[in-house]
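See structure below.
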Amino acid sequence: MSIYTKKGDKGFTSLANGQGLSKSDLRLDAIGDIDELNSHVGLLICHVDASLAAKLTQIQSSLFVLGAHVASDSAETLGNMKLISLQDIVSLEEMIDEMDAVLAPMRFFILPGGHDTIAKAQIARTVCRRAERSLIRWVQASEKSDYDTSIAFLNRLSDYLFMMCRYLHHTLDIPEIPWNSGK
């Protein structure tokens, strides 16, 4: 199979179910941002310990599920693949609480950075926020009613990634960089 089909050369592509649409469609923005987020999570996996890597790999799987659902409305294409569930959100919240339990209370806004791995996690967090906004735009424009939990998942995932940054500061013994507002 050739990697290039030339079908997209004029700005159009096909979804997993064969439906054609413009590459500027809001749906493709959501698919692309979720894909980019998954790639940043993959990069982050290369820089964290095995425990965090396992949790991030689980998150990657959930992101693939979300991307597949956004890419197809076809039950035939999706098979028995279930969309993001409340349990996925509960799992993220439990992981957030685990990290929060070992951290000092946050007393100031934190500048991204301080260490290469922390900066990668901050980038993943901001891409997650963009993916959330893209998904919301597509859901609203297409009047989808079954993505509320998926939107909440992305919102919670950005919280998780922020807490991971704080946790990495802690475990790597890198001081958090307070934002000085100048006030």
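Values in this text are rule-based calculations from the coordinates and carry no lab data. In this text the structure is predicted, and so the values were computed from the model without any measurement. Note that each Cβ is placed from the backbone with ideal geometry, even for glycine, and that neighbours are counted across all protein chains shown.
Loop-resident GluC sites (Glu not before Pro) (DSSP state other than H, G, I, E or B) in region 91-166 with no more than 13 further Cβ atoms inside 10 Å of their Cβ: Glu143. Taking the square roots of five times each eigenvalue of the Cα gyration tensor of region 1-66, the equivalent ellipsoid has semi-axes of 30, 13, 10 Å, listed largest first.
Okay, helix-only estimate at 222 nm for the chain: each DSSP H run of n ≥ 4 adds -39500 (n - 2.57), divide by all residues, round to 500 deg cm²/dmol; what do you get? Walk me through the intermediate numbers first.
On the way: 6 runs with 112 residues, N = 183.
Result for the chain, helices only: -21000 deg cm²/dmol.
When the Cα centres of region 146-170 and region 41-70 are compared, how far apart do they sit, in Å? Going from one Cα centre to the other spans 12 Å. Placing R0 at 45 angstrom, the Cβ-Cβ distance between Val90 and Lys23 gives a FRET efficiency of 0.80 after rounding to 0.05. Label point of Ala54 set 7 angstrom out along Cα-Cβ; within region 161-175, amide nitrogens under 20 Å from it belong to 161, 164-165, 167-168, 171-172. Helix 116-142 and the longest principal axis of the Cα set of the chain meet at an angle near 40°. Helix 86-100 axis versus longest C-alpha principal axis of the chain: approximately 20°, rounded to the nearest ten. Applying both filters, DSSP loop and at most 12 other Cβ atoms within 10 Å, to the chymotrypsin sites (Phe, Trp or Tyr not before Pro) of region 70-139 gives Phe108, Phe109.
Considering all different alpha carbon pairs of region 54-183, the Kirkwood hydrodynamic radius works out to 16.2 Å. Using R0 = 25 Å, the C-beta based FRET efficiency linking Phe108 and Asn155 works out to 0.65.
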